[in-house]
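The structure appears right after this line, and notes come after that.
The values are calculated or read from the model by the stated rules, or taken from the named source; none is laboratory data. Since the structure is predicted, the reported quantities are computational estimates derived from the model, not experimental observations. With ideal geometry, Cβ positions are generated from the backbone for all residues, glycine too; neighbour counts draw on all protein chains shown. For the accessible areas, the whole protein counts, side chains as well, though only heavy atoms, and no ligand, DNA or RNA atoms are used. Shrake-Rupley method; radii C 1.70, N 1.55, O 1.52, S 1.80 Å.
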Amino acid sequence: MSSETSENIESVLKETRLFPPSAEFSELANISSEEQYLELWNKAKDQPAEFWGEMAENLHWFKKFDTVLEGDMPNTKWFSGGKINACYNCVDRHLLTWRKNKAAIIWEGEPGDTRVLTYQDLHREVCKFANVLKKLGVTTGDRVTLYMPMIPELAIAMLACARIGATHSIIFGGFSADAVADRNNDAEAKVVITADAGWRRGKEVPLKSAVDDSLEKSPTVEKVVVVRRTGADVTMVDDRDYWWHELMEDVSADCEAVELESEHPLFILYTSGSTGKPKGVLHTTAGYILGTQMTSRWVFDLKEEDTYWCTADIGWVTGHSYIVYGPLANGATTLMYEGAPNWPDEGRFWEIIEKYQVNIFYTAPTAIRAFIKWGDEYPKKHDLSSLRLLGSVGEPINSDAWMWYHKVIGNENCPIVDTWWQTETGSIMMSPLPGVTATKPGSCTKPLPGVVPDIVSEEGNSLDDNQGGLLVMTQPWPSMLRTLYGDHDRFIETYFSKIEGCYFAGDGARRDEDGYYWIMGRVDDVINVSGHRLSTMEVESTLASHEAVAEAAVVGYPHELKGEAICCFVTLKKGDGSDELKQELKNHVRHQIGAIASPDQIRFAAALPKTRSGKIMRRLLRDIAAGKEQVGDTTTLEDYTVVANLKDSEG
Ligand code: PRX
């Protein structure tokens, strides 16, 4: 465990403040008492099949399932025999109710343009686009890549794929053409949906041109659909590239939702692991939609009249589960914003909250730290009194950020739900229940019903309270990943081989004497930069692919705004390196992976510190990157002078 992590533990160990929900909030909450929570939690633990079978009655089934759960981790099958469609659950069934004309998506573009899609509107657009996909030759079981800005067409395309049983693979717009090509190839995508460009901080982020570059290396892709968003110049290739608006002109708005098996693959989402190659996390239909639906209701306490806003990008799992699938499965109104929080100024988010009278606001600690830095004057200029619930996700929230969120944004009146989960878990695993749980700043508090965690040693033994260890799940849950696309062995090896019989999440944690969980960060080679998950190995192998580089070691170090930043120690094939080469290496990483992986520091070194067995001493490098005195036993260092030189090399 890194020393940053131990420091984090130190600070959270001192946290004793407790914030119970107000009586008014509890009274109206979807889960309103500790007894109710315990009843649900115990039932889910002791009789999971009965519990999840009952919960699944909240979904629409074309045909009811025969069994709830077959098998055990790692190979589970949920709701066998059932026939279901995620799109039908998110859209069609609301049309049979008064929600037909309710706003499903309220969208605001960065330049200030807006669109509201009622459930009826959404249904029409989704059906039409599903027919477009069919016309392009997409059938049930095919994979479709979505590389798009945060515009309504992204949600429409996702739901259209789900409607016909095509598996979507969404790639965050900040990834490079090479990253798109890798993912297209791994998924063997048939069609790519993109836009000319998107808006970010007043500038156009080109997407179509990156798709063009990626297609030189993606032989499986046959067709490209392009949304005209900014009007940027793009090249359209005959018989391959089509404009969204032209295709939508002559298709019908009738398209039956396909009746799919419960375990039909809904989407693949690539995420970083501890090796260089991104992993295609596969989620399936019934379990995922059930998990996101129930957790949205429990954690965000969704009510019919709420305007709910999650600020994530749909390119990450938070956007999949809590902008699109979870809220829409509940018939809620979900707000979607295209651009940056500081455009045209640092008050944009607060302006949006006031304008749409947002009630529930879900964002990331890295954003909260930026808001603090920008100053209280921005939120203070706006009326935020519509807010009743605040959420946090993506990384541990430090208690200063928590308190600021509580006071300045929540006016000391809104419960904060600090939600712990992962791309792999599909939906929120641990979180306060806003009407029940007294919160402690920095703790994600307790497991939700159906989640049975434990803290264990490296050997798999359960640890006592307040002992830091590995966070594992001892029982399966419906929205868990089913495999890594095309690599089931890697799925078993990555998540189920470390601790016998358990899902190992990759995080360290401890549980306190009140049963509250405190996440201590990753214990593998994954780092969390501004809430974005990155593999240090992926950055290392990218650096090593540069002709000047002999060897590279990449570590994270604490950063005031980003949570963690990226430091690369590089040895060169020849010469001592220069500022130009540093810049070139940074550009190389941006080009190969994307802007999100851009190194904060490159340090040239004569050699990397290694143990006698040749392993790079990462702990030591982390301390050096963090500017700390070197601690611990370094007597196994191959060459002591290496350390001295590394400390001297500037950032
Ligand atoms: O380390 C944990 C951290 O983010 C990782 C998962 O990243 P990703 O799959 O990209 O999903 C992010 C959004 C769900 C976890 O292994 N993490 C996520 N939420 C929290 C967190 N760490 C502490 N507290 C959280 N609330």
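Just to verify a result, which residue in the stretch 325-334, among those that are buried (at least 24 other Cβ atoms within 10 Å of the Cβ) and of a type outside the set (S, T, N, Q), is farthest from residue 362 (Cα to Cα)? Step by step, filter the stretch 325-334, then rank; the result is 329.
So, in the stretch 601-620, how many residues would count as being closer than 19 Å to residue 577 by Cα and of a type outside the set (D, E, K, R)?
First, pick out the residues of the stretch 601-620 that are closer than 19 Å to residue 577 by Cα: 601-609.
Okay, now just the ones that are also of a type outside the set (D, E, K, R), so 601-602, 604-609.
So the count comes out to 8.
The single condition among (1) assigned to a loop (DSSP other than H, G, I, E, B); (2) under 24 Å from residue 287 (Cα atoms) that residue 466 does not meet is (2). Taking the criterion of being more than 26 Å from the chain's Cα centre (by Cα) and within 28 Å of residue 559 (Cα to Cα), the residues of the stretch 346-378 that qualify are 375, 376, 377, 378. Condition test on residue 478, is it touching a residue at least 24 places away in the same chain (Cβ under 8 Å), away from the ligand (no atom under 16 Å from the Cβ) and touching a Gly at 6+ places or on another chain (Cβ under 6 Å)? Taking the combined requirement at face value, the residue satisfies it.
Restricting attention to the stretch 216-229, the residues that are within 27 Å of the chain's Cα centre (by Cα) and either assigned to a strand (DSSP E or B) or crowded, with 21+ Cβ neighbours inside 10 Å (or both) add up to 7. The set of residues in the stretch 118-132 that are open to solvent by less than 40 Å² (accessible area, probe 1.4 Å) and touching a helix residue (DSSP H, G or I) at 6+ places or on another chain (Cβ under 6 Å) comprises 118, 119, 122, 123, 125, 126, 129, 130, 132. Taking the stretch 401-429 as the range and being more than 16 Å from the ligand (Cβ to nearest atom), touching a residue at least 40 places away in the same chain (Cβ under 8 Å) and open to solvent by less than 20 Å² (accessible area, probe 1.4 Å) as the test, only 409 passes.
Here the condition is being free of Cβ contacts under 8 Å to residues at least 40 places away in the same chain, out of contact with any strand residue (DSSP E or B) (no Cβ under 7 Å at 6 or more places or on another chain) and not polar (S, T, N, Q); of 254, 196, 238, 182, it holds for 238 alone.
With respect to residue 170, is the statement that it is at pLDDT 95 or above, of a type outside the set (Phe, Trp, Tyr) and touching a His at 6+ places or on another chain (Cβ under 9 Å) true? Against the criterion (at pLDDT 95 or above, of a type outside the set (Phe, Trp, Tyr) and touching a His at 6+ places or on another chain (Cβ under 9 Å)), residue 170 qualifies. Among all positions in the stretch 510-521, there is no residue which is within 12 Å of the ligand (Cβ to nearest atom) and without any contact (Cβ under 8 Å) to a residue 60 or more places away in the chain.
Using the structure shown, decide if residue 450 is crowded, with 22+ Cβ neighbours inside 10 Å, more than 15 Å from the ligand (Cβ to nearest atom), on the phi > 0 side of the Ramachandran plot and part of a loop (DSSP other than H, G, I, E, B).
Details: crowded, with 22+ Cβ neighbours inside 10 Å: yes; more than 15 Å from the ligand (Cβ to nearest atom): yes; on the phi > 0 side of the Ramachandran plot: yes; part of a loop (DSSP other than H, G, I, E, B): yes.
So residue 450 fits the description; yes.
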